[in-house]
Structure formats: C-alpha cells, structure tokens
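Following: one structure in structure tokens, then a few remarks.
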Amino acid sequence: MIRNKLFLMLLFLGICSIARGQTSQYWFDSNYGGAVSKSVSNGTIDVDLTGLEPGVHTLHYLYNNRGVPSSTYSKSFLIPNPQIKGSRAEYWFDQDYSSHVTTTEVGSITIDASSLTPGVHTLNYHQIYISEGVFTLQDGQLRPVPNNNQTPSTKAGDLVSSTYAYPFLVPEPTAIATKGEYWFDCNYEGRKQLALSAQAVPLDLSGLTPGLHSVRYHALTANGLPSTTYTGFFWIGAPTSKVKAYHYWVNELTDQIKTVLLETPVANYNLTTQIEVPQVPVRTEKYHFEMQNGQSKIYAKNTLSMVFENVDGTSVRIEQDYVDYRVSNDIDAVLLEPGDKKTVNKSDGIMWFKVVAEEGDMLSFKTNRRCTMHLFSSSNDELWTASGDKVLLLNGTKADTDGTFFLAVQDLTEASAKDITIEYTWNPKGDANGDKEINDKDRTVISDHIVGKKDPEGYNDKAADINNDGVVNVADIVELNNMIKQ
C-alpha cells in the first residue's frame with residue numbers, strides 16, 4: 001500500500017516540523033537551485049509558499065547537524081486558486097467522481113491518496129457555494145438571477161465553481177534508488193529528475209500543446225541504471241467552450257468506447273484528464289521505429305479518437321496518433337552488403353534488412369514485386385519510403401550520417417507469394433559515375449556536369465553532391481580532390 005498525503009491550503013504561509021538540528025534547507029518541486037537555508041528554532045521553521053502557482057507541489061527539506069546532512073524528506077500539498085471563495089469543496093482523483101470527498105471547511109484540507117498506485121494521476125477540485133436566492137443554468141453553471149430577470153430558473157441551490165485539474169506523478173518506491181526522472185512524449189532530452197521520497201510529484205505541463213500526451217518515468221540506481229519505465233497518458237484541453245462529457249477509443253475498437261460524464265461542465269482550458277488507453281499489438285501498417293540501447297525496435301503507433309459533447313448539444317471529434325512505448329517488438333534484421341540480391345521467405349509481418357554506410361553514400365533498393373519500403377536511420381528518423389511501381393526500379397536516398405540503416409519491406413499486394421527478392425546497390429559519396437570507385441574519372445564527370453555536358457550512363461547526382469548542400473558545383477570538386485588525396 002502506497003501512503004500519500006496531499007495538503008490543500010488557502011494560506012500562503014505554512015509551518016513544517018523539522019527534526020532538531022542547527023540549520024535546514026527546503027525547496028519546492030525540482031527547484032533545488034532555489035533552496036532556502038534557515039536556522040532551526042524549537043524544531044520548526046517557517047516555510048514561505050509565496051509565489052507558488054495553484055496546483056500540486058512537493059516540499060523537500062533536510063537538516064544539517066554540525067555539517068552532516070540528514071536524509072531528504074518530502075511532503076505534497078495542493079494550493080487552490082486563491083480567487084475562488086466558497087463554503088466547502090469537493091475533490092476526487094482521475095475519473096472517479098463517485099468516490100469524491102466533500103469538505104466542510106476550505107481553510108485546511110487533508111487529502112488522502114493512499115489507495116493510488118504508482119503512475120500518473122489527476123487531482124480534481126472545485127469550490128461549492130451555498131446561497132439563498134434564485135438561480136438559472138447558464139453555460140453549464142448555476143448563475144444568480146437579478147430580480148428584474150424573468151428567465152425560467154431553479155430555486156435556491158449550490159453554485160459550483162469551475163473544476164480545476166492538477167496532474168501529478170506517484171513514484172514507485174524502491175530500496176535501491178533514491179531518485180528518478182520523468183519526461184513527456186519522446187522528449188527524453190528534456191527529462192526532469194524527481195525524488196522518490198516524494199509522495200506526489202507535480203507535472204509541469206507548460207509548453208505542451210492541447211491533445212494527448214504521454215509521461216514516462218523510471219527510478220535510477222546509485223550508478224545511474226534505470227529501472228522499469230512506466231508510461232501514463234493524459235489529455236489537455238478541449239475544442240468546445242463547455243464540455244459535459246467525452247468519449248474515446250483506440251484505432252477501430254469502437255466496441256471498447258469509454259465514456260466519461262463530468263459532474264460539472266468544464267471549460268476547455270481547464271480540461272486536463274487522465275486517459276486510460278488499452279494496450280494493443282503493434283500494427284504492421286502503422287508503427288514507430290526506434291533504437292534502444294543498441295537494439296532496434298518497433299513500437300505500437302495507434303490512433304486515439306476523442307468526441308467532446310458540449311452543453312449546447314453540439315459535439316466535436318478529434319483524432320491523434322500516439323506512440324505506445326508499453327508495446328514493442330524487437331527487430332531481427334538481415335544484413336545486406338553492397339551488390340547483394342537476396343531472396344527471403346516472406347513473413348506475415350514486416351521483413352527487416354540493415355545496411356552500413358557513411359554520410360553521403362547513395363543507398364538504392366528494389367524488389368521483384370510491388371510492396372512498401374521504409375528506410376530508417378539509427379537516429380530513429382524515417383529517411384525514405386516507396387511503394388507500388390516505384391520499388392521495382394532502383395530507388396533510394398542519401399545516407400544522412402555514418403552508421404547502420406534499417407529497411408522495412410512489407411508485401412501488401414501479393415499475399416499468396418512465398419518469397420520476395422531484395423536488391424541493394426551502393427554508391428559511395430564522390431562516386432559520380434557509379435563504378436564504385438572514387439578517382440579522377442569522377443572529377444571529369446562532375447566537371448562535365450557543371451559546364452552542361454550530357455551526363456554519362458551511371459551518373460549519380462546525389463553521389464556527386466559531396467558536400468551535401470543540394471547543388472553540384474566547384475565546391476564538390478574541391479571536396480573530391482581532398483578525398484582522392486587521402
């Protein structure tokens with residue numbers, strides 16, 4: 001059982017108990033650079049919350065006793081929107097409004113998240129007003145009605161503020177690690193570190209566009225080795241002004257549509273919600289290629305369909321592709337050498353080949369019948385694709401870097417055939433005449449091309465563009481001279 005506590009406070013000054021020591025340090029979230037040092041008096045220090053935005057935050061603190069630091073302790077809490085006033089509040093996690101908790105006071109609320117499993121969660125919160133008078137339903141909200149307004153209305157009741165959603169991460173506790181890291185979508189370079197002692201880690205969504213996003217995280221051992229990586233999904237924003245419900249499903253699985261009814265309509269800019277997308281196998285017609293620790297893999301690439309219902313009865317549908325890093329297949333690729341012409345037994349899925357080349361080399365392929373081909377670099381980029389009649393002739397692209405390139409071949413048109421033949425030719429950078437050698441003949445061919453003479457059979461314009469600037473000119477001859485001298 002994971003024990004977590006979130007504290008909801010309207011005050012901007014809190015008191016945090018600290019074990020006795022000479023000095024202490026505290027900081028919020030991942031801002032260790034902004035740590036505040038204070039002397040400990042009577043075992044407590046004043047913690048200033050001024051400047052923190054509304055939402056989930058984590059307070060980290062430690063104390064020093066004669067220069068020896070203690071372990072880092074963490075407490076998580078929620079700061080509500082200070083502009084909202086009310087007599088009570090409701091909060092709930094994720095999409096489970098049925099288990100919401102109603103508070104009788106809003107000055108200090110302890111939120112119990114002990115039942116939450118490690119992963120991505122959303123804390124939802126709104127204020128509730130109780131007032132005597134006459135109200136009318138406008139834009140999905142109960143609004144006071146002036147005395148001179150004859151609009152049909154309800155009688156005295158509750159006026160509910162907008163719902164605010166705060167996504168956060170519950171780390172998985174581990175005995176071999178004290179810190180972890182998380183990142184959004186494929187942006188591992190933008191990863192942020194987190195303390196695993198934290199009960200809840202706030203997720204900074206600034207900079208993320210509306211739509212579906214994934215957040216991935218793992219723990220790190222003392223020597224930096226990662227544990228299992230966990231993935232969660234959440235949706236930001238909506239295309240309608242007041243959303244009362246939304247539905248979503250993956251790919252063509254319309255028999256698995258999930259429906260979420262919102263207790264109170266939510267403004268589009270306030271909609272942040274966790275999406276529980278199912279795990280589906282990797283599809284051959286749509287996938288994501290990536291190198292992971294030297295192993296080439298393909299990951300499931302699916303389409304999420306969302307339908308938003310507005311309070312006025314209109315609806316909007318949005319589709320978005322996403323990569324599901326929870327589902328992958330390893331690639332076992334066949335090595336192709338320059339000049340190879342190999343016949344392989346066709347599999348039911350994708351046939352994979354690999355070639356080794358240097359930046360600027362011209363890579364060309366063809367097959368004996370119509371199919372679809374995709375060429376990927378070791379940096380995960382798709383460099384070239386061809387299908388139909390184009391694959392029956394030598395066609396390809398220039399290598400954008402030194403390394404191994406992976407070719408995916410899928411026979412979509414002749415399912416009854418058992419074998420497929422793949423032919424690979426290679427023109428090294430500088431081999432303008434296509435004879436697989438780099439010498440004075442290539443200099444002559446490039447010079448003739450520049451002055452407008454007819455290109456000889458075998459001339460390769462991409463191989464002649466040695467400096468990769470998209471133009472064959474004197475600069476390429478200079479580069480070729482340097483290559484010949486070597």
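Along its principal axes, the range 240-308 has C-alpha extents of 48, 27, 16 angstrom, given from the largest down. Which GluC sites (Glu not before Pro) from the range 415-459 combine a DSSP loop assignment with at most 15 other Cβ atoms within 10 Å? The qualifying sites are GLU437, GLU457.
The label-point distance for ASN64 and MET483, in a model that sets each label 7 Å from Cα toward Cβ, rounds to 6.0 nm.
To the nearest 10, the accessible area of HIS247 is 40 Å² with a 1.4 Å probe.
Looking at the range 275-342, the GluC sites (Glu not before Pro) that sit in a DSSP loop and have at most 13 other Cβ atoms within 10 Å of their own Cβ are GLU276, GLU285. Subtracting the Cα-Cα distance of LYS441 and LYS454 from 0.36 nm times their residue separation leaves 3.2 nm of extension gain. Quantify, in whole percent, the carbon and sulfur part of the accessible surface of the range 338-486 (1.4 Å probe; protein heavy atoms only). Whole-percent figure for carbon plus sulfur exposure: 46.
Remark: the range 319-335, residue by residue, has Karplus-estimated 3J(HN,Hα) of 10, 8, 7, 8, 9, 9, 6, 7, 10, 8, 10, 6, 9, 10, 9, 8, 6 Hz, where x stands for each Gly or Pro and the curve is 6.51 cos²θ - 1.76 cosθ + 1.60 at θ = phi - 60°.
Here the simple spin-label model places points 7 Å from the Cα toward Cβ, and for ASN473 and ASN380 these points are separated by 3.6 nm. For SER98 and LEU52, the FRET efficiency from 1/(1 + (r/R0)^6), where r spans their Cβ atoms and R0 equals 30 Å, is about 0.45.
For the range 231-305, carbon and sulfur atoms together expose 46% of the accessible surface, with a 1.4 angstrom probe and every protein chain in place.
Relative to the current alpha-carbon distance between GLU359 and GLU423, full extension at 0.36 nm per residue lengthens the span by 21.0 nm. What translational diffusion coefficient, in µm²/s and rounded to a whole number, does the Stokes-Einstein relation yield for the range 257-374 at 37 °C and a viscosity of 0.692 mPa s, taking the hydrodynamic radius as the Kirkwood radius over Cα pairs? Roughly 177 µm²/s, to the nearest whole number. HIS100: net charge of surrounding residues, Cβ under 10 Å, Lys/Arg +1, Asp/Glu -1, itself excluded? So the surrounding residues net to -3.
Annotation: extensible slack from LEU393 through THR314 equals 23.3 nm (criterion: 0.36 nm per residue apart, minus Cα-Cα distance). Solvent-accessible surface of the range 311-436, taken per residue with a 1.4 Å probe and all protein chains present: 48 Å².
The values are calculated or read from the model by the stated rules, or taken from the named source; none is laboratory data. Bear in mind the structure is a predicted one, so any value in this text is a computation, not a measurement. Counting neighbours? That spans all protein chains shown, and the Cβs are built from the backbone with ideal geometry, glycine included. Surface accessibility is based on the protein's heavy atoms, side chains included, excluding ligands, DNA and RNA. Shrake-Rupley method; radii C 1.70, N 1.55, O 1.52, S 1.80 Å.
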